[in-house]
Amino acid sequence: MSKLCKRAGLPHLGPHALRHTAATMAYALGVDWKQIQAMLGHTMLSTTMDIYVDMVDIVHKDAASKLDGWFPAEDVEAEDGGTADAEGA
């Protein structure tokens with residue numbers, strides 16, 4: 001493995017680093033936690049979540065975007081010059 005990494009101009013990556021990367025990328029692509037757990041062969045989901053998966057910025061942005069969809073933007077200014085009332089309030 002070291003020779004391959006060296007020829008590719010990469011630092012040495014051992015099996016643990018590759019498993020970590022695979023788990024992180026799978027999570028970033030939306031793969032379910034339980035599927036990642038099975039892929040890595042862990043008996044405890046906490047092992048997968050706590051050790052092998054890094055929270056990446058893309059995942060955070062995706063989560064924020066999905067949550068934002070639950071709260072549609074409303075027009076803040078009503079035509080009468082006041083503020084828009086929330087529906088059902």
Report summary line: For Asp50 and Gln35, extending 7 Å from Cα along the Cα-Cβ vector and measuring point to point gives, in nm, a value of 2.5
Report task. Enter the per residue convex hull volume of the stretch 2-53, computed from alpha-carbon coordinates, in Å³ rounded to the nearest integer. Result -> 78
Query raised in the report: What ranking do 61-70, 35-44 get when scored by the average of other Cβ atoms within 10 Å per residue, highest first?
Result: 35-44, 61-70
Query - Karplus-derived HN-Hα couplings along the stretch 12-24 (A = 6.51, B = -1.76, C = 1.60, θ = phi - 60°), whole Hz, x at Gly and Pro - result: 4, 10, x, x, 4, 5, 5, 5, 4, 5, 4, 5, 5
Query raised in the report: For the pair Arg7 and Thr43, what calculated FRET efficiency results from E = 1/(1 + (r/R0)^6), where r is the Cβ-Cβ distance and R0 = 35 Å, to the nearest 0.05?
Result: 0.40
Query raised in the report: In percent, what relative contact order does the stretch 2-53 have, based on Cα pairs under 8 Å that are 6 or more apart in sequence?
Result: 32
Query raised in the report: Could you give the nm distance between label points at Leu18 and Asp62, where each point is 7 Å from its Cα heading toward the beta carbon?
Result: 2.4
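Every number here is computed from the coordinates shown, using simple stated rules; none is lab data. Just so it is clear, the structure is predicted and the values come from calculations on it, not from any experiment. In this analysis, Cβ positions are derived from the backbone assuming ideal geometry, glycine residues included, and neighbour counts consider all displayed protein chains.
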